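Taking it in order: structure first as structure tokens, then the write-up.
Just so it is clear, none of the values below were taken in a lab; they were calculated from the coordinates. All values reported here derive from a predicted model rather than from experimental measurement. Every residue, glycine among them, receives a Cβ derived from its backbone with ideal geometry; neighbour counts consider all protein chains shown.
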Amino acid sequence: MANWRKTATQSRSKETEKALSQSARRLLNKKSFTDIRVDEVARDAGISVGGYYARFKGKSALLHLADIDFLDKCLDAFDEAVPEYFTGDLSELLRSYISVMVHQFSTHREAMLQIVQHVAENDSGEFRQRATVFNEHVHGRLRRIMARNASLIAHPDPELAANMSIFIASASARDAVLRKSLEAYPIDLSENELVDELVRCAALYLTGQAS
């Protein structure tokens, strides 16, 4: 059992937790964790403060809830954009994946920055466990699709190339959006332009051809 909540076993409890997760993520996108009050999250989710504390041990649970909601949104968007038997070419695969991640990071940037800061200062391991499960689902599917299209990979080691292209796409998208790391070079791109350039980089490495 997580050390920040009681396990939601009943369908009503799960629905309540989902509502709280969405409220926590919305509020963290608008204001700092320090300024958020449990009562406003509870009110936004349609439950009482007592109902919140009956399920969760303290305010820090809001960060876990927001993290869960963010990962759920990413998974839903990824599953829609990249089904298990994706029929496009490798450049289209990279574009679908990168577009999802750039958009999700951009949309929920303020909330994610606060979650990342909390993890750096107070990591209980649960945030990393959720990230691992997420990556196994997403990166695992990307690897399987690339493996089925290994003949299109120009690198002498297709498996290595698949893993490196996933790293290039995911790490670059995360750093460019969350940390705004491109500003140091300096590079100023819109969200769509960022997707285009990351696809070009990853596709050129993977296939030997620019997208």
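Here the Gaussian network model covers the chain, with springs between Cα atoms less than 10 Å apart; of Leu182, Leu65, Leu75, Leu182 fluctuates the most.
At q = 0.12, 0.20 Å⁻¹ the log10 of I(q)/I(0) for segment 64-211 amounts to -0.51, -1.28, computed by Debye summation with a single uniform scatterer per C-alpha, solvent ignored.
If you keep only loop residues by DSSP, which chymotrypsin sites (Phe, Trp or Tyr not before Pro) in segment 11-95 have at most 13 other Cβ atoms within 10 Å of their Cβ? Could you put the intermediate results ahead of the total?
Values: sites: Phe33, Tyr52, Tyr53, Phe56, Phe70, Phe78, Tyr85, Phe86; in loops: Tyr85, Phe86.
Answer in residue order: Tyr85.
Applying both filters, DSSP loop and at most 13 other Cβ atoms within 10 Å, to the trypsin sites (Lys or Arg not before Pro) of segment 52-126 gives Lys57. Rounded to the nearest angstrom and listed largest first, the equivalent-ellipsoid semi-axes of segment 1-99 from its Cα gyration tensor are 32, 16, 10.
Across segment 179-190, rounded Karplus estimates of 3J(HN,Hα) from the backbone phi angles (6.51 cos²θ - 1.76 cosθ + 1.60, θ = phi - 60°) give 8, 6, 5, 5, 4, 6, 8, x, 9, 10, 10, 6 Hz, Gly and Pro being marked x.
Spin-label model, Gln129/Leu160: points 7 Å from Cα along the beta carbon direction are separated by 3.5 nm.
Check each of the trypsin sites (Lys or Arg not before Pro) in segment 148-211 and keep only those in coil by DSSP with at most 14 other C-beta atoms within 10 angstrom; list them in order.
Numbers: sites: Arg148, Arg174, Arg179, Lys180, Arg200; in loops: Arg179, Lys180.
Taking segment 148-211 and a limit of 14 other Cβ atoms within 10 Å, the loop trypsin sites (Lys or Arg not before Pro) found are Arg179, Lys180.
Listed by Cβ neighbour count within 10 Å, with the fewest neighbours leading, Met101, Met164 appear as Met164, Met101.
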